[in-house]
1. Under 14 Å from the Cβ of residue 555, count the other residues' Cβ atoms, weight Lys and Arg +1, Asp and Glu -1, and hand me the total.
2. For a protection proxy built on the mean count of beta-carbon atoms within 10 angstrom, sort 185-198, 337-350 highest first, please.
3. Which stretch or stretches of region 197-221 have amide N atoms under 15 Å from the point lying 7 Å from residue 526's Cα along the Cα→Cβ direction?
4. Please work out the FRET efficiency for the pair residue 152 and residue 274, using the Cβ-Cβ distance as r and a Förster radius of 45 Å; give the result to the nearest 0.05.
5. Provide the FRET efficiency to the nearest 0.05 for the residue 696-residue 560 pair, computing r from the beta carbons and using R0 = 45 Å.
6. Tell me, in nm to one decimal, what length is gained between residue 661 and residue 175 on full extension, where the rule is 0.36 nm per residue of separation less the Cα-Cα distance?
7. Whole-Hz Karplus ³J(HN,Hα) for region 141-150, in order, using 6.51 cos²θ - 1.76 cosθ + 1.60 and θ = phi - 60°, x for Gly and Pro?
8. Report the label-to-label distance for residue 195 and residue 350 in nanometres (one decimal), using points 7 Å from each Cα along the Cα→Cβ vector.
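Since every read-out is calculated from the coordinates, none of them should be taken as a lab result. Since the structure is predicted, the reported quantities are computational estimates derived from the model, not experimental observations. Glycine also receives a Cβ, built like all others from the backbone with ideal geometry; neighbour counts cover every protein chain displayed.
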Amino acid sequence: MAEQPPADDTEDAADIDIDGKGIDIDDEVTDRPIREEISNRLSWDRLQSKMTLWSFLALLSVPFWLYVMWMAYLQSAIIGTAPSRAQFGAGFLGGVIVLYALYEMIQRVGGGKRHYRKDVKELVSKENRLDTSLLLISVALMAPTVVYIYINALDLAGRGGASTPEEVMALSFTLVMIYITWRAFGATFLAVLLAGIAYGLFGSVVPGTLSHTGISPERTLRILVISMDGFFGFLTQLTAAWIALFLLYAGLLKSYGAFELILRVATRSAKYIDSGVAQTAVIASAVIGSVNGSQTANAGMTGSFTIPMMKKSGVKPATAGGIESVASTSGQVLPPVMGAGAFVMAQLITGASYLDVIVAGLIPAAILMVTVFVAVHYAAGPQIEDPDMDELYDQSLTTGEMVLEGIKFGVPIVILVYLLGVVGWTVGTSAFWTVITMITLGMAIPTVKRAYETTDVRETFWAFVYTGGQTINGFREGVIVLAPVAIILASINGVVDIFEATGVPGSIALALMDLSGGVLLIAAILAMIICIILGLGMPTTAAYTIVAMLVAPTLVEQFMLPEFSGHFFVFYAAILAGLTPPIATCVAVATGIAGSNFWRTCFEGVKISAPLFVLPFSFIYHPDIVDHGGDVSATVLMTSAIILFGGLLIIHGLNYRFDRSRVTAYGLRAVFFGLGVTAMVYPETVVQLGALGVGVFLFLTQAAVGESSPLDKLRGSQSN
């Protein structure tokens, strides 16, 4: 789902605007009395003349988010009036479907930029009538089911059967979910959903280990809808209670200007090295991607800025697309959000808290990001013609403005870490107060800044009004990001519950044991292939969830791996789907922006991210780098350092420009790659150190045999 810009006539651009340094308010607005201007703006004629479908989506998002925030507050407040998690999940999913249907209609008419009457007329035109009808029918079929389930949630959860009207409602809601899932994610995941349902119904005809007796249609409907599992189950409830508020936080960050600030900070921090422009893209895309929750969506969001920026500086289109793809993917593993996967992992690992998960994710994320930075320096440094980054922005922020922006966006993060790590509050409660803090500071700081700059009360008032508009836009951005995530997680919950009812996780375990012959390495390779296939085209949380429930138990129970080790393996493996050809959805988006060749961009992305394909195996053979429980001993640090330098050997082998014949260069690349993999994965420390020592020796020997120093010869060298 791509974001569409708001209509020009709905934002009153001539009245209130924002530039690179702050809010610019038209003099005509401030010259008029506040009461008169408010009456004018709130008059029915003006509101009706300014209303668009885009602004209507923003207005509808306000009560939706107030409901989510209120439910989150009630879940944490001991006042005895909070609805059950099941009721919360039902109301939440119903609201998401309504908002998603409206957003799809807006997309159908080009973004809802015009007056709503024109867009409504186009929606009912001959070419759009079928789409509009299906979306409206979906909402109409969904609504009674959601209301009925919300009212009767406790009774349905304790029942073993269902009446005929209930089964009809369940069938209609299932059809709605199938249709909405197809609209959101296309045929690939639709096939997964339909295959899951078909497997439950007709498992008796499946040959071999995966065969089962089959589930009746009535029981299938109970699993998917009526039992309060399935579409309304664990993942939907988790999304409503935890993940949604973090995606709202991401929407507010974007609306208040955090993404631009991140780019500015990255630009300042990366301007002193030759590959600074590309490093800016890595920092910005990774940080934004960590809260975005989808590497593919993030590549489209940040890539629209970073890729043209790199190309303008001389980076080849394929390299620019590859860098953006890797950066967006790498962001999915960065604590504290980890693409929202951390919340699901905390629920699936026995006895683990959210804080345990983000602490466990720190070392792997650091290893990955260091290798990516070095790889990008190797890949982009020689291509950049003008490393001067001063012209990226027309206006620069003063130090004082940077400090204010840092306070505005930094304090909510501090609040989140404090509430989770020190006070020990739940994720939902901590997220609630983080959002409240973000809204408060996002509205207060620009208003106070304007009050300090002027003595005109009217200017200060309209500055406050402008921040209110930013907040509403943030609510809309949050809905746009949330809707596809909530829909696919609800669908996955249905598929997984059917699989669990058929016993397929146990069958997968037997199949893996049989195919691998009980050899851990072979089982891990097969598991990674399964994870990549199952993760195709999915957001991070969805990809991780399905592999965590189907693949991780085999690694943990059959091969006796620590839970953190098994879950981090499948988590990292699942996000590789966005980089792995021939699908490589993240690369496909970046390729479209860069205007490059898809396969060449895939090749560049794989070269830059090669250690990411090896790192999951480090979790298996060196589980202490994720399963340390916060006790980072000298042994853990040494193991982590060896793995890091192993990753750097891989990067050097695949990305360095050797001044040798093609055959010799390929031989050196293979040697460095093999030594790096050994250093990262081999279970014996002595062998790891030996491989690392040989690699370092070869690295240093390059100068002795006539090669320039790797760091000195980056600029201007020719690739072999």
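1. Spelling it out: positives minus negatives among the neighbours equals -3.
2. Going from most to least packed, we get 337-350, 185-198.
3. Residues 208-211 qualify, since their backbone N sits under 15 Å from the label point.
4. E(calc), rounded to 0.05, equals 0.10.
5. With a Förster radius of 45 Å, E is 0.85.
6. Extra length available between residue 661 and residue 175 comes to 168.9 nm.
7. 6, 6, 4, x, 5, 5, 4, 4, 5, 4
8. 3.1 nm
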